[in-house]
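Visitor: This is the structure I want to talk about, given as structure tokens.
The values are calculated or read from the model by the stated rules, or taken from the named source; none is laboratory data. All values reported here derive from a predicted model rather than from experimental measurement. Cβ sites come from the backbone with ideal geometry, for glycine too, and all protein chains shown count toward neighbours. What goes into the accessible areas is simple: the full protein's heavy atoms, side chains included, and nothing from ligands, DNA or RNA. Shrake-Rupley method; radii C 1.70, N 1.55, O 1.52, S 1.80 Å.
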Amino acid sequence: MTRALVPPVVTEGPDLTKLRLEVRAFLDDQVADGRFVPHVDTWLTRWDREFTRELGRRGWLGMTIPTEYGGHGRTFLERFVVTEELLVVGAPVAAQWVADRQIGPSLLRHGTEEQKRAFLPRIASGDLVFGIGMSEPDAGSDLAGVRTRGERVDDGWRLTGTKVWTSGAHEADAFFVLARTAQPDPADRHAGLSQFIVDLRAPGVEIRPILSMGGDHHFNEVHLDGVFVPDERVLGQVGEGWRQVTSELGFERSGPERFLSTFQLLAEAASAMDEGRLPQDVGLGRHVARVAALHQMSFAVATALEAHAEADVAAAVVKVLGTTSEGDIADYVDTLTATGWVEDEELYRLLHAAILQRPGFTLRGGTNEILSGVIARGLGLR
Amino acid sequence: MSASLDPRLARSTSADPDLVAMLSQLFDDYRAARSAPREVIDFDAELWARLDELGLTRLTASEQSGGSGASWFDGAALLALAAGAGAPVPLLEHGFLAAWLLEAAGLPNDGRLRTVCRPDPAGVALNVTYGRDAASIVALFEDGDEWRVADVPVDRRSITRGRNLAGEPSETVEFDLADLAAGATVEEEVGEQFHLRGALARCAQVCGAFERIVELVVAHVREREQFGRPIGRFQAVQRLVADLAAEASLARAATDTAVARATDSDWTDPGLLFAVGVAKSCVGHAASVVVRNAHQALGAIGTTLEHELHTLTKPALARRSEFGSIHEWDETLTRLATSAGHDRLWSLVTTGRAAPPH
Ligand SMILES: Cc1cc2nc3c(=O)[nH]c(=O)nc-3n(C[C@H](O)[C@H](O)[C@H](O)COP(=O)(O)OP(=O)(O)OC[C@H]3O[C@@H](n4cnc5c(N)ncnc54)[C@H](O)[C@@H]3O)c2cc1C
């Protein structure tokens with residue numbers, strides 16, 4: 001038998017359910033109090049530092065960070081249910097997302113003791129907002145082609161180059177930059193890359209907005225003009241950047257944000273159908289079924305990550321299926337609606353945002369074409 | 001890995017690994033030894049006798065009733081592996097449904113081959129698989145307000161033989177209404193559960209077929225060469241294969257989740273209707289992609305009678321529509337989702353129940 005692509009499903013135990021309901025009750029209160037307006041794709045587009053700090057106070061950030069670094073020493077499974085609850089209500093979680101999902105685990109794995117002490121407690125409290133500086137104008141899917149250069153200087157490095165599509169850089173405090181620190185080696189394109197922790201307010205950093213097609217601002221272009229990065233802000237080993245970046249992909253790709261970005265729209269469509277504002281249609285049941293199965297599959301990958309098992313291929317499966325499905329939900333609801341909706345109608349508000357965000361779902365974090373290649377490799381085709 | 005799970009956080013849903021290893025071997029051997037595929041599938045009495053000897057024909061039935069008393073985790077594994085080998089035996093009908101109905105009705109079971117059906121008010125049942133081979137047919141009958149189970153022997157019914165899309169025996173059976181009315185009464189829940197058990201067991205079978213299809217397709221695209229290289233090196237072919245394997249994985253996750261919910265609650269969890277619906281919907285829609293992409297990747301050879309592929313794709317399509325069409329199940333899910341509404345949809349997704357708003 002071919003090895004299964006995805007680990008077997010597991011069922012949720014009582015402690016997780018209890019935590020889930022606790023988070024849910026808190027969020028319901030927040031919505032009732034008007035603390036936030038539920039929306040779609042909030043993990044990319046809704047920053048609310050105060051809300052993020054409140055989550056930090058409740059112990060729902062940096063959950064997997066050990067207590068000695070200000071975290072909570074809990075499991076990836078506990079983090080999983082908390083993030084699911086935050087996503088399904090459409091809470092404003094962009095300020096914490098990158099730090100909580102990947103910067104924390106990455107620092108734990110590759111960071112120095114000093115770096116862990118400097119950053120992890122403030123990630124867990126929600127005081128530190130991070131971005132990711134990987135993509136460049138000429139390095140998208142082919143990330144190994146990054147041109148940002150790191151030049152060795154006394155006590156550190158000087159970074160020069162342009163990062164693009166940097167989500168939330170204008171809101172963030174720092175970002176992880178992937179840069180070339182040695183001449184390209186045609187025999188090994190992945191050699192000579194390094195990761196840096198870069199203060200977004202350092203001299204030589206210029207952040208320019210890139211407006212998305214709906215006119216909103218979440219993307220940026222970040223120019224680095226000889227930005228000085230001290231030695232103690234190199235992440236992990238010089239020259240090991242590629243391996244470090246790819247070792248985090250399981251975390252980045254398998255989570256519930258890969259299928260829940262449009263859940264608020266799906267939920268609103270269910271009520272609209274019930275109340276006769278949308279026609280009864282079986283497509284709803286079909287989409288709900290996929291969300292339910294993806295929830296189980298993503299949870300299964302979280303258990304693999306918890307057990308430190310290899311999960312890159314499984315994560316690619318979740319991401320390909322999940323991002324396609326969450327986008328299909330937007331398109332599906334659109335096929336049920338006619339023009340002539342009133343502007344302030346909830347369904348209309350969510351639908352239009354979902355349609356405009358949809359193209360990004362299957363691009364960000366590695367495109368579905370690239371991920372299909374990862375799955376094919378997992379099946380032994382390449 | 002699953003051994004290290006803290007049960008307060010998460011519980012494993014896997015079948016007994018020793019049983020799975022034994023079944024894999026058994027059905028691999030069966031597949032290797034059997035004759036070339038034909039356009040029809042006939043009951044394999046020799047295989048049946050072997051399965052019976054091993055205690056597999058009534059694996060999930062209770063030991064008191066003559067079964068092996070195994071869990072549905074094990075049962076689903078048996079159904080999947082047998083389906084992956086295209087084993088022409090009514091494991092589901094005999095072992096999972098007929099045996100359970102007889103037990104629920106307090107009727108004896110002598111272990112002879114049985115199939116199962118739900119006759120209409122006129123006493124007619126359609127698509128009764130392996131009806132011609134069964135010594136007795138267990139009928140679940142809605143008799144006015146009462147549900148009855150009747151075990152009707154071979155000489156007391158009229159059978160019109162047929163074949164389903166897969167070429168399996170699939171008959172029309174006419175019962176004498178008096179025989180059905182003489183059946184033992186059972187609780188109303190038995191009627192509902194019959195539908196859920198049948199639907200979920202069919203899902204397990206289709207997942208087993210998918211998993212063998214993935215094996216066949218992967219092996220084929222790695223071996224078959226065109227333009228001087230294996231076709232699996234072409235990105236377009238990789239996409240076909242990745243997509244079908246991903247859909248098969250999703251179907252598996254949905255099915256295993258429903259099996260876990262059924263097993264953990266001994267079929268009493270009120271969230272089962274939703275869970276089985278999710279499995280049915282995901283399996284059914286996955287079949288569209290898996291069957292299409294597999295045939296596309298295999299080229300003309302995969303469309304021939306001699307090739308193994310159709311022994312998997314045809315049953316997958318035939319079975320996905322049994323115990324409720326995909327459309328009917330999508331309707332059920334839609335009804336559950338609309339009545340849950342905005343505030344309780346997520347509760348429905350995670351537990352199968354739309355808990356009251358808090
Ligand atoms: C909403 C959103 C948020 C993002 N946030 C960030 C961020 O915070 N930080 C960051 O660094 N980046 C971010 N990105 C960038 C993202 O990682 C890139 O968009 C992605 O890697 C693809 O690169 P590209 O856009 O240059 O497309 P390209 O690589 O130019 O690809 C264009 C098309 O060609 C296809 N293609 C390319 N190569 C191949 C191949 N070998 N085989 C088959 N098909 C191929 C792709 O699949 C795609 O369909 C974000 C993107 C989006 C949409």
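Visitor: What whole-number distance in Å separates the alpha-carbon centres of the stretch A:121-143 and the stretch A:251-312?
Guide: 25
Visitor: Helix-only mean residue ellipticity at 222 nm, the protein assembly as shown, DSSP H runs n ≥ 4 weighted -39,500 (n - 2.57), per residue, nearest 500. What is it?
Guide: Computed ellipticity for the protein assembly as shown at 222 nm equals -15500 deg cm²/dmol.
Visitor: Further, regarding this structure: Excluding same-chain residues fewer than 8 positions from B:LYS314, which lysines have a Cα within less than 24 Å of its Cα?
Guide: In chain and number order, the partners are B:LYS280.
Visitor: Counting only Cα, what are the radius of gyration and maximum Cα-Cα distance Dmax of the stretch A:254-378, in Å?
Guide: Cα-based Rg and Dmax for the stretch A:254-378 come out at 15.9, 52 Å.
Visitor: Shape of chain B from its Cα gyration tensor (a ≥ b ≥ c, root eigenvalues): rounded if a/c is under 1.5, otherwise prolate when a/b > b/c, or oblate?
Guide: oblate
Visitor: Once you have a ≥ b ≥ c as the square roots of the Cα gyration tensor eigenvalues for the stretch A:132-239, tell me rounded if a/c is under 1.5, and otherwise prolate or oblate according to whether a/b is larger than b/c.
Guide: The shape class here is oblate.
Visitor: Using a 1.4 Å probe, what is the accessible area per residue for the stretch A:41-117, in Å²?
Guide: 30
Visitor: Let me ask another. Could you run the Karplus curve 6.51 cos²θ - 1.76 cosθ + 1.60 with θ = phi - 60° over the stretch B:321-326 and give me ³J(HN,Hα) per residue in whole Hz, x for Gly and Pro?
Guide: 9, 8, 6, x, 5, 4
Visitor: Keeping every protein chain in place, order A:LYS18, A:LYS163 by accessible area at 1.4 Å, biggest value first, i.e. largest first.
Guide: A:LYS18, A:LYS163
Visitor: Do any residues of the stretch B:295-337 lose at least 50 Å² of accessible area when the full set of protein chains is present rather than just their chain alone, and if so which, with a 1.4 Å probe?
Guide: B:THR334
Visitor: Considering only protein heavy atoms, what per residue accessible area in square angstrom results for the stretch B:188-351 with a 1.4 angstrom probe?
Guide: Value for the stretch B:188-351: 35 Å² per residue.
Visitor: Here's another thing I want to ask about it. Report, ordered by chain and residue number, the aspartates and glutamates lying within cross-link reach of A:LYS163, taken as a straight Cα distance under 13 Å and ignoring same-chain residues fewer than 8 apart.
Guide: A:GLU136, A:ASP138, A:GLU206, A:GLU221, A:ASP225
Visitor: Using a 1.4 Å probe on protein heavy atoms only, how many Å² of accessible area do A and B hide from each other, summed over both chains and rounded to 100?
Guide: Using a 1.4 Å probe on protein heavy atoms, the buried area is about 5100 Å².
Visitor: List the residues of the stretch A:244-282 whose accessible area drops by at least 50 Å² when all protein chains are present, compared with their chain alone, using a 1.4 Å probe and counting only protein heavy atoms.
Guide: For the stretch A:244-282, once contacts with the other chains are taken into account, A:PHE263, A:VAL282 lose 50 Å² or more.
Visitor: Take every Cα pair under 8 Å in chain B that's 6+ residues apart, average their separations, divide by the length, and report that relative contact order as a whole percent.
Guide: Relative contact order comes out at 15 percent.
Visitor: Which distance in Å, rounded to a whole number, links the C-alpha centroids of the stretch B:43-62 and the stretch A:45-76?
Guide: First find each Cα centre; the distance between them is then 54 Å.
Visitor: Which residues' amide hydrogens lie under 5 Å from the amide hydrogen of A:SER167, considering only partners 5 or more residues apart or on another chain, with H built in the peptide plane?
Guide: A:ILE132, A:ASN220
Visitor: For peptide A:70-83, how many partner chain Cβ atoms fall within 10 Å of a residue's Cβ, on average?
Guide: Mean number of neighbouring Cβ atoms from other chains: 1.
Visitor: What number, in percent, do you get for the relative contact order of the stretch B:188-351 if the mean sequence gap of Cα pairs under 8 Å and at least 6 apart is divided by its residue count?
Guide: The normalised contact order for the stretch B:188-351 reaches 30 percent.
Visitor: Please give the net charge around A:GLY322, taking every other residue with its beta carbon less than 10 angstrom from that of A:GLY322, where Lys and Arg add +1 and Asp and Glu add -1.
Guide: Summing Lys/Arg as +1 and Asp/Glu as -1 gives +2.
Visitor: Further question on the same structure: Give me the percent of accessible area attributable to carbon and sulfur for the stretch B:133-234, probe 1.4 angstrom.
Guide: Here carbon and sulfur together make up 43 percent of the probe-accessible area.
Visitor: Still on this structure, I have one more. Rg (Å, one decimal) plus Dmax (Å, integer) for the alpha carbons of the protein assembly as shown?
Guide: Calculated on Cα positions, Rg and Dmax stand at 28.0, 98 Å.
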